[in-house]
Structures are given as structure tokens and as C-alpha cells.
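A.B. asks: My questions will all concern the structure given below.
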Amino acid sequence: MSQPIYHAPHGGLPPQTDLLTDRAVVSEAYTVIPKGVLRDIVTSYLPFWNDTRVWIIARPIAGFATTFSQYIMEVSPGGGSDKPEPNTNVEGVLFVMEGTLSLSIEGEGHELTPGGYAFLPPRCKWSVTNKGDVACRFHWIRKAYEYVDGLDVPPAFVTNEQQVPPTPMPETQGRWATTRFVEPTDLRHDMHVTIVTLEPGAVIPFLETHVMEHGLYVLEGKGVYRLNQDWVEVEAGDFMWLRAFCPQACYAGGPGKFRYLLYKDVNRHAALS
């Protein structure tokens, strides 16, 4: 299996001759952050992270999506953090797009290369360092873990998408498949971060309208997404952020695969207060 190439932002600024018009959309049901707006000027820095900058592409907003935050981290050579997560009740997922990330979980070391995936439960002791000679860029998705009496907290684990066979969706002959890093029936997990792959011309053939919130970062290819009442073109490097019950479907545009990293909240009762 060939190593996928993921699109990651590198910052910079467009030339003064460029038109300012882009594809960014903010609505009551969804937000689209196109790759062209992930520039130096919108990065930030985090406490206890050295030689690191971050694009914060999602955070809880009242009246919109409220369950998660999503960052794109850029760690320069020699950078990293010994105190990355400030909240002990927060779980996380890391997904590496470029470079190599040295990850320590409870003192055990792991090397995450592109496609590398790590689940980090709440109260987990972890740290990261970039020991390479090029910047490492990765997603960091954070969620407040929802404890349930009688269910254990799931353990940390590390894998790579190359080690996880995609699961074909029913009656699609494999044209639409999902790489599932966590078994959907494992109720210890209250969020799923997966990779969705659609072959050129494949579709999600109905308007999904559901309680789960989404963050969708396009890793590869291009497609046309139906979001609420709008059709929106997206390509590698774009981010879509959906509140609960936003209708959604898509066509894969080709000529190559259309692939995206998908967050959703799952396996818990709806909060009533």
C-alpha cells in the first residue's frame, strides 16, 4: 500500500496582487474554512509548547457546535511540550500529516509518521517532541470526556492508518469506505475520529441529518458537499465544521480519491440541562 500524501498548511501570506475573495463561509448550520485562509497571521501559541504554533480551526461556540475543539499544530525541529494538555478531564486524538512526532505516553515512546494516530484518554500523562529536521504538522482534537458509571475509560493507543483496513460501506462495492480506529460498538469511547474515503464519482447518497457534530478536514482530493441548503466545493486543506442536525451529503470530484478526517461525538445520552 502506497503512503498517502496529506495536505497540511504551511502559512505564509498571499501576494498583494491577489484578490481577497475566497470560499470562506460562516452560517448558523455550518462553517467552511478554506485552505487559503490558514496563514501566518491567524496562528497562535499555547502555554508550555515550545517552538510551536497552532491554527485553531474549531472550538465550542454556544448555539453552534459545542462538543470539541480542533487544532492544526506545527512543531518546529526541537519543539514540543512536556505539559501539552492543561485539563485532566479532556481526551484527545493526534493525527500526523507531515514530519515525525515523538510521543511519550506514560513513559513509553512512540514515533508517529504521516498517517500516525494516537488516542489519549483523560488523565493520561503524555508529551511530544519533534526530533526531526523538518516541521511536524498534525491535528489535535480535544473533547471533554463524558464518564459513565459502570464503563471504564478506554486506554491510550497508537497506530497508523496504513495498519487499519478501511471498512466498505454497505452496497457501495468499496467506493465509499471508512477507516475506523475504534470499534463503533465500544461504548467506552464517546467520540470517533475516522478517515472517510470516496473514489472518484462516489457519493454519500442521502442528506445525513443527525445529532452528531462534525469536524471534516480534507486530506486529499476534491469534492462537492451539500451543507444545509448549499452546494460547496471543497479541496485538500479545507475544513468543514458542522453543528448538530446540519443536513449533509457529497460527491467525490476526482480525478483521485476524496479523503477527509472526520470527528463526531457518539455513544452518550443527550444532555438535558
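A.B. asks: Pairs, please: C-beta under 6 Å, at least 6 apart or cross-chain, first residue open to solvent by 10 Å² or more (accessible area, probe 1.4 Å) and in region 65-80, second among the acidic types (Asp, Glu) and in a strand (DSSP E or B)?
C.D. replies: Thr67/Asp265; Ser76/Asp51; Gly78/Asp51
A.B. asks: Oh, and also: Suppose we filter region 174-212 for residues that are closer than 20 Å to Pro121 by Cβ and touching a residue at least 12 places away in the same chain (Cβ under 8 Å); how many remain?
C.D. replies: Of all residues in region 174-212, those closer than 20 Å to Pro121 by Cβ come to 180-194.
Restricting the remaining residues to those that are touching a residue at least 12 places away in the same chain (Cβ under 8 Å) gives 180-182, 184, 186-194.
The total comes to 13.
A.B. asks: For region 169-197, which positions are aliphatic (A, V, I, L, M) and farther than 21 Å from Ser69 by Cα? Quick ask: steps written out before the conclusion?
C.D. replies: Filtering region 169-197 down to residues aliphatic (A, V, I, L, M) leaves 169, 177, 182, 187, 191, 193, 195-196.
Within region 169-197, Met169, Ala177, Leu187 meet the criteria.
A.B. asks: Something else about it: Given the conditions (1) open to solvent by 10 Å² or more (accessible area, probe 1.4 Å); (2) outside any loop (DSSP other than H, G, I, E, B), report the number of the one that Met97 does not fulfil.
C.D. replies: For Met97, the exception is condition (1).
A.B. asks: So if I check each of Pro84, Pro4, Pro9, which one is touching a Lys or Arg at 6+ places or on another chain (Cβ under 8 Å) and either open to solvent by less than 20 Å² (accessible area, probe 1.4 Å) or basic (Lys, Arg) (or both)? Show your work before the answer.
C.D. replies: Values: Pro84 fails: touching a Lys or Arg at 6+ places or on another chain (Cβ under 8 Å); Pro4 fails: either open to solvent by less than 20 Å² (accessible area, probe 1.4 Å) or basic (Lys, Arg) (or both).
Result: Pro9 is the single residue among Pro84, Pro4, Pro9 that is touching a Lys or Arg at 6+ places or on another chain (Cβ under 8 Å) and either open to solvent by less than 20 Å² (accessible area, probe 1.4 Å) or basic (Lys, Arg) (or both).
A.B. asks: Take the residues in region 161-194 that are farther than 20 Å from Tyr147 by Cβ and part of a strand (DSSP E or B), then tell me which one is most open to solvent (accessible area, probe 1.4 Å).
C.D. replies: Only one residue tops the list, namely Pro168.
A.B. asks: In region 1-40, how many are of a type in the set (A, V, I, L, M), farther than 22 Å from Leu261 by Cβ and in contact (Cβ under 8 Å) with a residue 12 or more places away in the chain? Walk me through it before giving the result.
C.D. replies: Residues of region 1-40 that are of a type in the set (A, V, I, L, M), as a first pass: 1, 5, 8, 13, 19-20, 24-26, 29, 32-33, 37-38.
Subsequent filtering for residues that are farther than 22 Å from Leu261 by Cβ retains 13, 19-20.
Cutting the leftovers down to in contact (Cβ under 8 Å) with a residue 12 or more places away in the chain gives us 13.
Count: 1.
A.B. asks: Out of all the residues in region 132-142, is one or more assigned to a loop (DSSP other than H, G, I, E, B) and either open to solvent by less than 20 Å² (accessible area, probe 1.4 Å) or in contact with a helix residue (DSSP H, G or I) (Cβ under 7 Å, 6 or more places away or on another chain) (or both)? Reasoning before the result, please.
C.D. replies: First, the residues of region 132-142 that are assigned to a loop (DSSP other than H, G, I, E, B): 132-135.
Narrowing the set further to residues that are either open to solvent by less than 20 Å² (accessible area, probe 1.4 Å) or in contact with a helix residue (DSSP H, G or I) (Cβ under 7 Å, 6 or more places away or on another chain) (or both) leaves none.
Looking through region 132-142, none of the residues is assigned to a loop (DSSP other than H, G, I, E, B) and either open to solvent by less than 20 Å² (accessible area, probe 1.4 Å) or in contact with a helix residue (DSSP H, G or I) (Cβ under 7 Å, 6 or more places away or on another chain) (or both).
A.B. asks: Moving on to the next point. Scan region 216-273 for residues that are polar (S, T, N, Q) and loosely packed, with under 15 Cβ neighbours inside 10 Å and jot them down.
C.D. replies: Here is the first cut: in region 216-273, the ones polar (S, T, N, Q) are 228-229, 248, 267, 273.
Once the filter is applied, which keeps residues that are polar (S, T, N, Q) and loosely packed, with under 15 Cβ neighbours inside 10 Å, region 216-273 yields Gln229, Ser273.
A.B. asks: Looking only at region 195-215, count how many residues are surrounded by 22 or more Cβ atoms within 10 Å (Cβ to Cβ), over 10 Å from Cys250 (Cβ atoms) and of a type outside the set (D, E, K, R). Step through it out loud before you land on a result.
C.D. replies: Restricting attention to region 195-215, the residues satisfying the condition of being surrounded by 22 or more Cβ atoms within 10 Å (Cβ to Cβ) are 195, 197-198, 202, 213-215.
Then keep just the ones that are over 10 Å from Cys250 (Cβ atoms); that gives 195, 197, 213-215.
Among the residues that remain, those that are also of a type outside the set (D, E, K, R) are: 195, 197, 214-215.
Matching residues across region 195-215 total 4.
A.B. asks: Within region 25-41, track down each residue that is over 19 Å from Arg142 (Cβ atoms), surrounded by 14 or more Cβ atoms within 10 Å (Cβ to Cβ) and either of a type in the set (D, E, K, R) or under 20 Å from the mean Cα position of the chain (by Cα) (or both). Step through it out loud before you land on a result.
C.D. replies: Of all residues in region 25-41, those over 19 Å from Arg142 (Cβ atoms) come to 25-30, 32, 34-37, 39-41.
Okay, now just the ones that are also surrounded by 14 or more Cβ atoms within 10 Å (Cβ to Cβ), so 25, 27, 29-30, 32, 34-37, 39.
Selection gives Val25, Ala29, Tyr30, Val32, Pro34, Lys35, Gly36, Val37, Arg39.
The values are calculated or read from the model by the stated rules, or taken from the named source; none is laboratory data. The structure displayed is predicted, hence computed values, not measured ones. Note that we place each Cβ from the backbone using ideal geometry, even for glycine, and neighbour counts take in every protein chain shown. These area figures cover heavy atoms from the full protein model, side chains too; ligands, DNA and RNA do not enter into them. Shrake-Rupley method; radii C 1.70, N 1.55, O 1.52, S 1.80 Å.
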